[in-house]
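A.B. asks: This structure is in structure tokens; I'll ask about it shortly.
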Amino acid sequence: MSVAKILEIAARVGRVTRRYPYQPPLLTPEFRGSIRVDPSRCWGCGACVRICPPNALTLKPSGKMVALEYFVGRCIFCGMCAEVCPAGAIEVTKEFELSATSIEDLRTRLVHRLTRCSVCGAPTWTEAELRAVVKASPITEEYAAICPEHRRERFAKAVALRLGAGE
Amino acid sequence: MSRVNVARALRAIRRSIWVFHLNSGSCNACDIEVLDALTPYFDVERFGAKLVASPRHADVILFTGPVTRESLPKVVRAVRAMPRPRLILALGSCAVGGGIWWDTYSTIGGFKKLEEILRESGIEVDRVVYVPGCPVRPEAIIYGLLLLLGAVEQKARGSEVAVPEG
Ligand code: SF4
Ligand code: SF4
Ligand code: SF4
């Protein structure tokens with residue numbers, strides 16, 4: 001190709017180079033960046049933790065609390081967590097400027113308070129999840145706060161009583 | 001172990017950063033994005049970055065992949081061959097935290113683990129910038145490189161928030 005032809009093409013096409021970071025990035029509508037968990041909507045149910053392929057989301061219990069930890073350094077930006085979240089708490093953002101000089105800067109934690117079983121005192125669910133369950137189903141908060149084991153016990157007792165009364 | 005003035009070295013290479021691309025067993029998508037960043041379209045050469053063929057010539061290693069067991073000895077040799085200060089850009093979620101291969105038997109799970117192995121072998125790494133993405137966008141690579149050079153502010157901040165009361 002002759003120089004004249006190259007110059008002609010260059011004049012026609014003009015400059016193609018993106019000037020990022022002095023120009024907005026080239027984000028397509030399909031692009032998925034990091035996720036954001038809305039603290040006021042998350043239940044702490046762990047559905048996102050179960051689905052997350054690389055285990056970027058984890059639930060870490062410590063005493064009376066349990067933290068939903070998002071480690072963006074392992075996220076593969078699949079958006080599956082946003083799809084399964086029953087509370088619609090996860091938003092897939094377009095954020096990609098995630099670089100950090102320390103790996104700890106890549107972790108964000110959302111700390112939930114745990115409820116205790118009203119019979120044995122063992123940690124049961126998170127407060128937010130308890131509230132959501134009571135709101136969505138016809139059970140009382142008092143019943144929902146009991147751990148599965150004592151709920152079974154209570155149920156067995158109730159059945160035994162009924163059978164006893166039927167005789 | 002010797003000390004290196006990283007800030008001074010960074011000032012010296014500011015407009016002429018020679019990069020070496022080191023693939024430690026990535027799926028190749030991050031490597032394609034490295035190529036993208038080098039093409040005239042994203043043109044990382046605007047900042048003076050130039051791809052070199054040997055780690056002996058490199059200022060920065062563009063590190064991709066979760067470090068497979070097979071690649072580990074070669075990766076260690078390549079990093080050892082690099083002159084001080086050793087600046088590393090860990091590109092992609094594989095290199096940062098093991099990514100989708102975080103618990104497979106055949107990888108060691110990213111740069112953090114590699115750093116421990118390097119330290120045990122007496123190889124010091126002077127500065128690392130972790131660049132998440134799967135794959136990393138070319139702009140994310142540019143941003144990471146500028147962060148390494150200190151030309152942009154770091155946006156990522158680890159945080160811990162409590163859910164609001166009932
Ligand atoms: S409510 Fe949504 S974000 Fe919160 S733990 Fe459950 S699935 Fe995850
Ligand atoms: S986007 Fe995918 S990889 Fe990232 S946290 Fe959600 S489920 Fe996990
Ligand atoms: S971070 Fe994702 S795109 Fe990059 S090498 Fe790993 S799996 Fe491939």
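A.B. asks: Enumerate the amide H contacts of A:Thr124 below 5 Å, restricted to partners 5 or more residues apart or on another chain; note that Pro and chain-start residues carry no placed amide H.
C.D. replies: A:Thr115, A:Arg116, A:Cys117
A.B. asks: Determine the distance separating the Cα centre of the range A:81-128 from the Cα centre of the range A:1-35; give it in Å without decimals.
C.D. replies: Answer, in whole Å: 39.
A.B. asks: May I pose another question? Please go through the residue pairs A:Lys5/A:Lys94; B:Lys74/B:Lys155; A:Lys64/A:Lys135; A:Lys94/B:Lys74; B:Lys50/B:Lys112; A:Lys135/B:Lys155 and name each one whose alpha carbons sit more than 31 Å apart in this structure. Intermediate results must be reported in sequence, preceding the final value.
C.D. replies: Details: A:Lys5/A:Lys94 40 Å; B:Lys74/B:Lys155 33 Å; A:Lys64/A:Lys135 23 Å; A:Lys94/B:Lys74 36 Å; B:Lys50/B:Lys112 26 Å; A:Lys135/B:Lys155 38 Å.
Pairs exceeding the cut-off: A:Lys5/A:Lys94; B:Lys74/B:Lys155; A:Lys94/B:Lys74; A:Lys135/B:Lys155.
A.B. asks: Treat the count of other C-beta atoms within 10 Å as a stand-in for reagent exposure and order A:Leu163, B:Leu91, A:Leu106 from fewest to most.
C.D. replies: Starting with the residue having the fewest Cβ neighbours, the order is A:Leu163, A:Leu106, B:Leu91.
A.B. asks: Under the classification rounded if a/c is under 1.5, otherwise prolate if a/b is larger than b/c and oblate if not, where does chain B fall, given a ≥ b ≥ c as square roots of the Cα gyration tensor eigenvalues?
C.D. replies: Numbers: a/c = 1.31, a/b = 1.12, b/c = 1.17.
Rounded is the answer for chain B, as its axis ratio a/c remains below 1.5.
A.B. asks: Step through the residues of the range A:95-106 one at a time and calculate ³J(HN,Hα) from phi using the Karplus curve (6.51 cos²θ - 1.76 cosθ + 1.60, θ = phi - 60°), rounding each to whole Hz and writing x for Gly and Pro.
C.D. replies: Karplus values, whole Hz, x for Gly and Pro: 6, 10, 7, 9, 4, 8, 8, 10, 5, 5, 6, 9.
A.B. asks: Could you give each residue of the range B:135-143 its phi-based ³J(HN,Hα) in whole Hz, using Karplus coefficients 6.51, -1.76, 1.60 with θ = phi - 60°, and x for Gly or Pro?
C.D. replies: Those phi angles translate into x, 6, 5, x, 5, 5, 5, 4, 4 Hz.
A.B. asks: So, one more: In what order do B:Glu115, A:Glu91, B:Glu165 fall by count of nearby beta-carbon atoms within 10 Å, going from fewest to most?
C.D. replies: B:Glu165, A:Glu91, B:Glu115
A.B. asks: I would also like to ask the following. Going by how many other Cβ atoms sit within 10 Å of their own, how do A:Met1, A:Met80 line up, fewest first? Intermediate results must be reported in sequence, preceding the final value.
C.D. replies: Working: A:Met1 6, A:Met80 15.
The most exposed by this proxy come first: A:Met1, A:Met80.
A.B. asks: Where a Cα-Cα gap under 13 Å defines reach, which aspartates and glutamates qualify for A:Lys60, not counting those fewer than 8 residues away within the same chain?
C.D. replies: Counting by Cα, and skipping residues close in sequence, A:Lys60 has these aspartates and glutamates nearby: A:Glu69, B:Glu160.
A.B. asks: I'd like the mean, over residues of A:65-77, of how many other protein chain beta carbons sit within 10 Å of each residue's own Cβ.
C.D. replies: If you average over the peptide's residues, the count of other-chain Cβ atoms is 6.
A.B. asks: Follow-up. Quick one: work out the % antiparallel among DSSP beta bridges in the range B:6-149, nearest 5.
C.D. replies: Within the range B:6-149, antiparallel bridges account for around 5 percent of the total.
The numbers here are math on the coordinates, done by the rules we state, and not lab data. Bear in mind that the values here come from a model prediction, so they are computed numbers and not experimental data. Glycine also receives a Cβ, built like all others from the backbone with ideal geometry; neighbour counts cover every protein chain displayed.
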